[in-house]
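Read through the structure below, which is laid out as structure tokens, and then see the notes.
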Amino acid sequence: MPRKPESHGTCAYCGEILTRRSVAKHLGKCPQRLENLQSAETSNCPVETLWHLRVQDAHDKDFWLDLEMRGSASLAKLDDYLRAIWLECCGHLSMFTIGGWQGDEIGKSRKSDAIFEPGLVLRHLYDFGTTSETDIKVVSFREGKATTKHPIVLLARNQMPEAVCQECGQPAKWLCIECLYEEDKTGHFCDDHVEDHPHKNYGEPMPLLNSPRTGMCGYDGPAEPPY
């Protein structure tokens, strides 16, 4: 069986296309990132621990984010960020755990400095019915000043995973929920074949979004960073 191509993403600073495993190395030498760090050191922000996180869907590794989180920020801020960029659809409950459903819950009021250490993996669970499961791995940390007033900054993000039309094999932009759940098909359609697609029981076909929650519950994006 051929190996699945490695996921690619984009540096949030310079726009360079990266493989998932090359992100940390790139960020260490990215001119725009280094300039951003240098500029931050002249600000009035306090020096603190800043944590590099790799966030990825627990079941589809093609969806990933690299984030930097302030040590003074609570997990509630991370929950807000994940909801905004990937997950929010109907105001569902969520929680952080170590070990998943059967593991230990970590309160959202906890500060990242009190929990994080390199190598730690948290699992975020959103919606206790149709659950989205997200792994958050602590990659590394630095001591310095935050580059933004916000608690979290996006460092890099996966590019939209490729999808092909189930009818013709051309690049797909649409998802039919009825095909996905009732006919056990991908439900992916190109612009041409979505025009006359008859399935309406789950509503009109929806745009494919750069989020692992696409096709779940009432999720309809926008799959964009909150700031």
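The values are calculated or read from the model by the stated rules, or taken from the named source; none is laboratory data. If you're wondering where the values come from, they're calculated on a predicted model, not measured in any experiment. Reconstructed Cβ throughout: ideal geometry from the backbone, glycine too, with neighbour counts over all protein chains shown. Just so you know, the surface numbers come from the protein's heavy atoms only, side chains and all, with ligands and any DNA or RNA stripped out. Shrake-Rupley method; radii C 1.70, N 1.55, O 1.52, S 1.80 Å.
Results, tabulated for the structure shown:
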quantity	calculated
Number of the condition not met by E162 [criteria: (1) out of contact with any helix residue (DSSP H, G or I) (no Cβ under 8 Å at 6 or more places or on another chain); (2) modelled with pLDDT of 95 or more]	(2)
Count - residues of region 181-195 that are in a helix (DSSP H, G or I) and either touching a helix residue (DSSP H, G or I) at 6+ places or on another chain (Cβ under 8 Å) or surrounded by fewer than 17 Cβ atoms within 10 Å (Cβ to Cβ) (or both)	4
Residues that are among the aliphatic types (A, V, I, L, M) and under 19 Å from the mean Cα position of the chain (by Cα), drawn from region 98-112	I98
Candidate set from region 196-227 (those that are among the hydroxyl-bearing types (S, T, Y) and open to solvent by less than 30 Å² (accessible area, probe 1.4 Å)); member that is farthest from the chain's Cα centre (by Cα)	Y219
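For every residue, the table says whether it meets (1) modelled with pLDDT under 95; (2) of a type in the set (D, E); (3) farther than 30 Å from L37 by Cα.
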| site | (1), (2), (3) |
| --- | --- |
| V139 | no, no, no |
| E143 | no, yes, no |
| T147 | no, no, no |
| L175 | no, no, yes |
| H199 | yes, no, yes |
| G215 | yes, no, yes |
| G218 | yes, no, yes |
